[in-house]
Amino acid sequence: MDFKSGTILSFDKPLNWTSFGLVSKVRYLLCKHIGEKKLKVGHAGTLDPLATGVLIICTGKATKQIDCLQAKTKEYIATLQLGATTPSFDLETETDATFPTYHITKEKVKEALQKFIGRIEQVPPSYSACKVDGKRAYDLARQGKEVELKPKILVIDEIELQHFDETAMQATIRVVCSKGTYIRALARDIGLALDSGAYLTALRRTRIGDYPVEECHTMESFQQWLQTIPTPPQD
């Protein structure tokens, strides 16, 4: 295993970790293992701190494959709270509005989901890494500034309702989609399609291309696995 020449590693990102934080931790552990002060390490596709699941990390010359890996189809499991919205479309911010839900049934949710299959336009969330005049949209949004983002074309290959709690008004969905899809924005749009509101309460990326979450390293398993890899000879 030559981490300097390049390897592709897949991780199950823990809750509340940033993607950058996981990359930094992996870089530190690898540098310590191979006895190097520097090592090129990058990730293929950011996950929000409040999301868990597949994060692909490339080392050395394998970082040249990041663009290709980012372009692969992704699968998510998401839980939506219906009947309310937040500015960030998830739990990062407090509820800013509530809406009636008496008309929402399991069948209505299934019908609404079908509207999003295929090529769709989606406006990214204000709380996103998209750039506006050279600045990150989330930085502007957190400063209370109005952010206007242009819609993007993306593809939803599959979307299905896995569970619906009519009492709590919570829906769990599985989504298979293209690069650039914001599941938080999809939650917003599903809420609108139901003549109500919606935001994410949980998000897990279960697959990127041929990398399923079941085959990913946890931080604990990665450190144990690393101990089994021979250290390179020192010059």
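If we scan region 183-190, do we find a residue that is at pLDDT 95 or above and in contact with a His (Cβ under 6 Å, 6 or more places away or on another chain)?
There is no residue in region 183-190 that is at pLDDT 95 or above and in contact with a His (Cβ under 6 Å, 6 or more places away or on another chain).
Going by the conditions given, is Asp90 assigned to a loop (DSSP other than H, G, I, E, B), in the same structural domain as Arg188 (by TED's automatic domain parsing) and not polar (S, T, N, Q)?
The answer is yes for Asp90.
In region 1-40, how many are surrounded by 15 or more Cβ atoms within 10 Å (Cβ to Cβ) and free of Cβ contacts under 8 Å to residues at least 12 places away in the same chain?
So the answer is 1.
Could you check Thr46 against (1) farther than 19 Å from Arg204 by Cα; (2) of a type outside the set (D, E, K, R); (3) not in a helix (DSSP H, G or I) and say which number it fails?
Result: Thr46 passes all but (1).
Anything in region 1-40 that is in contact with a helix residue (DSSP H, G or I) (Cβ under 8 Å, 6 or more places away or on another chain) and at positive phi? List them, or say none.
Gly6
The values are calculated or read from the model by the stated rules, or taken from the named source; none is laboratory data. Since this is a predicted model, take the numbers as computed values, not measurements. Here Cβ is always computed from backbone atoms with ideal geometry, including for glycine, and neighbour counts include all displayed protein chains.
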